[in-house]
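Working notes, beginning with the structure itself.
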Amino acid sequence: MNIGVLIAILLVVVVVVLLAVLLGQRRRTQRLQQQFGPEYQRTVARAGDQRTAESELAAREQRRRELDIVALEPAAQARYLEAWRATQGKFVDDPAAATGEAEVLVARVMRDRGYPVDDFEQRAADVSVDHPRIAENYRAAHAVFRANEQGLASTDDLRQAFVHYRSLFAQLLDVEDDGRKEAHR
């Protein structure tokens, strides 16, 4: 076989392999963007580059697959709904305390569903796999919760945080939140 023909065949093989790799990366990017929505852009911005961010998101997916996330029993769901109503009823008189209770209540539901709850950032990353459109709001609510612990949150900040907690709470319990429900995959 002629060396020129061999080089041409080798070049064609290399080009085909490179195209396959690029197409695979593009499909992965599109899948992650579709699954994680705004969480994808947040992760890319925080990581500083797309490859690192996509590796992190893939690791989140893998970690989530290893968790045993379960639905709540109807009785537990009813208890949590009642606890939420009581917490929400306290908001008008004491928004700071009600927001703190909402933080704790969301963490308890997450724990009972099977999410690890020891570290907030890990908790937010874990929940972002199942509820990516709410994860950023959860982070914002938690930031207000922390600011409130230092006396730095306004009533409007607390109100917005409470709304964010309510959305995540509804998703975790798989109930309607004022008639709106995140589309499940």
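The values are calculated or read from the model by the stated rules, or taken from the named source; none is laboratory data. Please read all numbers here as calculations on a predicted model, not as lab measurements. Cβ: placed from backbone, ideal geometry, glycine included. Neighbour counts: every protein chain shown. These accessible areas exclude ligands, DNA and RNA; they are computed on the full protein's heavy atoms, side chains included. Shrake-Rupley method; radii C 1.70, N 1.55, O 1.52, S 1.80 Å.
General observations
- Check on Gln88, part of a helix (DSSP H, G or I) and surrounded by fewer than 12 Cβ atoms within 10 Å (Cβ to Cβ): no
- Considering region 110-124, the residues that are open to solvent by 10 Å² or more (accessible area, probe 1.4 Å) and part of a helix (DSSP H, G or I) include one that is farthest from Arg60 (Cα to Cα), namely Asp112.
- The single condition from (1) touching a residue at least 40 places away in the same chain (Cβ under 8 Å); (2) aromatic (Phe, Trp, Tyr); (3) more than 16 Å from Arg64 (Cα to Cα) that Tyr115 fails is (3).
Here's the yes/no breakdown for (1) modelled with pLDDT under 95; (2) within 17 Å of Ile134 (Cβ to Cβ); (3) surrounded by 15 or more Cβ atoms within 10 Å (Cβ to Cβ):
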{"site": "Gln35", "(1), (2), (3)": "yes, yes, yes"}
{"site": "Gln41", "(1), (2), (3)": "yes, yes, no"}
{"site": "Arg46", "(1), (2), (3)": "yes, no, no"}
{"site": "Asp49", "(1), (2), (3)": "yes, no, no"}
{"site": "Arg65", "(1), (2), (3)": "yes, no, no"}
{"site": "Asp68", "(1), (2), (3)": "yes, no, no"}
{"site": "Ala78", "(1), (2), (3)": "no, no, no"}
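- Residue check, Val175 open to solvent by less than 60 Å² (accessible area, probe 1.4 Å) and more than 25 Å from Gly114 (Cβ to Cβ): no
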